[in-house]
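What follows is a set of notes on a single structure, which appears directly below.
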Amino acid sequence: MTFKPILLGAAMALSWAFGCHAVTLRVADAGDVQSMDPHSLNETLQLSFTGSIYEPLVGRAKDMSLTPALATRWTKTSPTVWRFELRKGVSFHDGTPFTADDVIFSFKRGAADGSDMKGYTSPIREVRKVDDHTVDIETTQPFPILPDTLTSLYMMSRKWCEENKAERPVDRRKGVENTASFKSNGTGPYRLKERQPSTRTVIVRNFNYWGKVEGNVDEVVFTPIGNDATRVAALLSGEVDVMEPVPLQDVERVKGSGKFTVLQGPELRTIFLGMDQKRDELLFSSVKGKNPFKDKRVRQAFYQAIDIESIKTRVMRNAATPTGEMVAPGIRGFQPDLNKRLPHDPEAAKKLLADAGYAGGFEVGMNCPNDRYVNDGQICQAVAASLARIGVKVNLQTETKVSYFPKILRRDTSFYLLGWTPSTNDAHDAMYNLMSTPTDKGQGQFNLGAYSNPKFDELALKVQTETDDKKRNDTIREAFKLHQEDIGHIPLHQQALAWGFANKVSLVQLPDNRMFFKWVSVNGAR
């Protein structure tokens, strides 16, 4: 399936001419890019920003189709082997040539302890060098969508990492940092100039870039502004040129100014709730000696207690689509007829709790970011209010994503909110990363509540290896239905994108919420 990007403004191919003033683009976001290490966090903002510095073997075009990046061609030479021909004449920002040795190193680094990219590397048995510009990637099983899974695994310089003692990825869970946290050396159209975490990050054009830069931006100044009102004020006053997300309550005000555009569109991200289903006793609960989330009746009670329509209309101002699935429409494998939520029914929820032995309810801790997803903190407050009506007291902790993600990735949580966009645009991504039983090889790396059903795991493996489209889709359907029946997670909705920018800016909005600066122009700039 392909997607049509949203294009605005004048022609995007404005060249930077010798002697002209540098064109600066000032960008604000609700949160910061957490690290310059491209393997440290599998999160959209992180991958979007570092995706202008680093590059994968396989990229995505404006319609979300696969396109050559650092690999110019890929072919399947056997059921489990893919050959990738690498782009010649490419250099890292320090001038070091890009070769097959860097590819092999990057795959090993992406699979190492601390990496957030294990979900992409775990199906791979070996990466072998054929020559300086050719590699063979062998998978453990036939894997027809391998090229789709490589679009977020960025290539790093082996030489630079070894010289800077950055051979291993930054481990956000343990707070481990290295040179790659604050410095970079990619092959992309921009290189890092300045890094001040939580304050300001500056990247500038790489004029030795191998590819075409359609926009005219020479410098990007990225500033995290967590406060909604302050972020909107920065846009309206001209302090920044682009900001996202536009708070839902301010969309019409920004539009009405006449000087700015709000670009809204559907996002492929699904927002959902997860519950610790592994521990014998929850870390944060009044229930001692057992784990109420191991009982499906409790999970279903939580699901049916949540007033999703109220969240949609009051919290999200109708800029969200309630969902019964863990993937969005537009993702390959989405099942339209399964996209039905359990009915909101507080009385039924109370009965389920009573049947499970919790007639009086109980207390449970809930973790939630307040600067990552659209109105994330408010969503969690609404969930807590819904659960209070069935006797469950939620001790809600909202916090910046800088501390939130390391915490929940360590699984120091009992009940949490998360969002997920399959980078492959395929259902297998969510099945493997979010719903499969966690292993130390990368499977279920983001299944933070450790939902586990051996039958589901079996189906997920079949989806990974099946080459017949109909059989594959039928298997996805069977797996999704099983997960729904188990109440493995509680899907909430797909949020809508909302980018605000000055009318002088032309850009491309992709449904995975990534912003590539090589496609951005500031019109009228000299």
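The values are calculated or read from the model by the stated rules, or taken from the named source; none is laboratory data. For clarity, every value in this text was computed on a predicted model and none was experimentally measured. Glycine also receives a Cβ, built like all others from the backbone with ideal geometry; neighbour counts cover every protein chain displayed. When the accessible area is computed, the model is the full protein with side chains, heavy atoms only, and any ligands, DNA or RNA have been set aside. Shrake-Rupley method; radii C 1.70, N 1.55, O 1.52, S 1.80 Å.
As a summary of the residue check, GLY442 satisfies the conditions (1) at pLDDT below 95; (2) touching a Lys or Arg at 6+ places or on another chain (Cβ under 9 Å); (3) outside any loop (DSSP other than H, G, I, E, B) except for the one numbered (3). All told, GLU325 meets the bar of being surrounded by 19 or more Cβ atoms within 10 Å (Cβ to Cβ), closer than 26 Å to ALA498 by Cα and either in contact (Cβ under 8 Å) with a residue 60 or more places away in the chain or not polar (S, T, N, Q) (or both).
Looking across the range 36-58 at every residue that is of a type in the set (Val, Ile, Thr) and assigned to a helix (DSSP H, G or I), the one that is surrounded by the fewest Cβ atoms within 10 Å (Cβ to Cβ) is identified as THR44. Is there a residue in the range 438-447 that is surrounded by fewer than 19 Cβ atoms within 10 Å (Cβ to Cβ), among the acidic types (Asp, Glu) and under 22 Å from the mean Cα position of the chain (by Cα)? Scanning the range 438-447 turns up at least one residue that is surrounded by fewer than 19 Cβ atoms within 10 Å (Cβ to Cβ), among the acidic types (Asp, Glu) and under 22 Å from the mean Cα position of the chain (by Cα).
Scoring LYS278 on the criteria (1) open to solvent by 70 Å² or more (accessible area, probe 1.4 Å); (2) over 28 Å from the mean Cα position of the chain (by Cα) leaves a single failure, condition (2). Can you spot a residue in the range 226-233 that is hydroxyl-bearing (Ser, Thr, Tyr), farther than 30 Å from PRO292 by Cα and in a helix (DSSP H, G or I)? Within the range 226-233, one or more residues are hydroxyl-bearing (Ser, Thr, Tyr), farther than 30 Å from PRO292 by Cα and in a helix (DSSP H, G or I).
Being part of a helix (DSSP H, G or I) and open to solvent by 50 Å² or more (accessible area, probe 1.4 Å) is a description that does not apply to LYS129. Restricting attention to the range 59-109, the residues that are in a helix (DSSP H, G or I), of a type outside the set (Phe, Trp, Tyr) and closer than 15 Å to VAL130 by Cβ add up to 5.
Does any residue of the range 186-193 turn out to be open to solvent by 30 Å² or more (accessible area, probe 1.4 Å), farther than 30 Å from THR77 by Cβ and touching a helix residue (DSSP H, G or I) at 6+ places or on another chain (Cβ under 8 Å)?
Let us first name the residues in the range 186-193 that are open to solvent by 30 Å² or more (accessible area, probe 1.4 Å), namely 191-193.
Subset that is farther than 30 Å from THR77 by Cβ: 191-193.
Then drop every residue that is not touching a helix residue (DSSP H, G or I) at 6+ places or on another chain (Cβ under 8 Å), which leaves none.
No, the range 186-193 contains no residue that is open to solvent by 30 Å² or more (accessible area, probe 1.4 Å), farther than 30 Å from THR77 by Cβ and touching a helix residue (DSSP H, G or I) at 6+ places or on another chain (Cβ under 8 Å).
Only residues that are within 27 Å of THR465 (Cβ to Cβ), over 27 Å from the mean Cα position of the chain (by Cα) and touching a residue at least 60 places away in the same chain (Cβ under 8 Å) were counted in the range 77-106, giving 2. I'd like the residue in the range 484-508 that is outside any strand (DSSP E or B), open to solvent by 10 Å² or more (accessible area, probe 1.4 Å) and in contact (Cβ under 8 Å) with a residue 12 or more places away in the chain and, out of all such residues, is nearest to LYS312 (Cα to Cα). Taking the candidates together, the pick is GLN484.
With the requirement that a residue be in contact with a Lys or Arg (Cβ under 6 Å, 6 or more places away or on another chain) and surrounded by 20 or more Cβ atoms within 10 Å (Cβ to Cβ), what does the range 70-92 give you? Walk me through it before giving the result.
Keep residues of the range 70-92 that are in contact with a Lys or Arg (Cβ under 6 Å, 6 or more places away or on another chain), which gives 70, 72, 75, 77, 82, 85.
Hits for the range 70-92 are LEU70, TRP82.
Being at pLDDT below 95, within 24 Å of PRO147 (Cβ to Cβ) and open to solvent by 10 Å² or more (accessible area, probe 1.4 Å) is not true of THR475. Within the range 294-312, the set of residues being over 12 Å from LEU492 (Cα atoms) and open to solvent by 40 Å² or more (accessible area, probe 1.4 Å) comprises LYS294, LYS296, ARG297, GLN300. Picking from GLU138, GLU167, which residue would you name as being touching a strand residue (DSSP E or B) at 6+ places or on another chain (Cβ under 9 Å), modelled with pLDDT of 95 or more and open to solvent by 30 Å² or more (accessible area, probe 1.4 Å)? From the options GLU138, GLU167, the qualifying one is GLU138. Within the range 378-404, if we keep just the residues that are open to solvent by 10 Å² or more (accessible area, probe 1.4 Å) and in a helix (DSSP H, G or I), the residue that is farthest from SER286 (Cα to Cα) turns out to be VAL402.
Listed here are the residues, each with its yes/no results for (1) over 20 Å from ARG341 (Cβ atoms); (2) in contact (Cβ under 8 Å) with a residue 60 or more places away in the chain; (3) open to solvent by 60 Å² or more (accessible area, probe 1.4 Å).
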{"residue": "ASP241", "(1), (2), (3)": "yes, yes, no"}
{"residue": "PRO245", "(1), (2), (3)": "yes, yes, no"}
{"residue": "PHE260", "(1), (2), (3)": "yes, yes, no"}
{"residue": "LEU263", "(1), (2), (3)": "yes, yes, no"}
{"residue": "GLY274", "(1), (2), (3)": "no, yes, no"}
{"residue": "LEU283", "(1), (2), (3)": "yes, yes, yes"}
{"residue": "PRO292", "(1), (2), (3)": "yes, yes, no"}
{"residue": "ARG314", "(1), (2), (3)": "no, yes, yes"}
{"residue": "ARG317", "(1), (2), (3)": "no, yes, yes"}
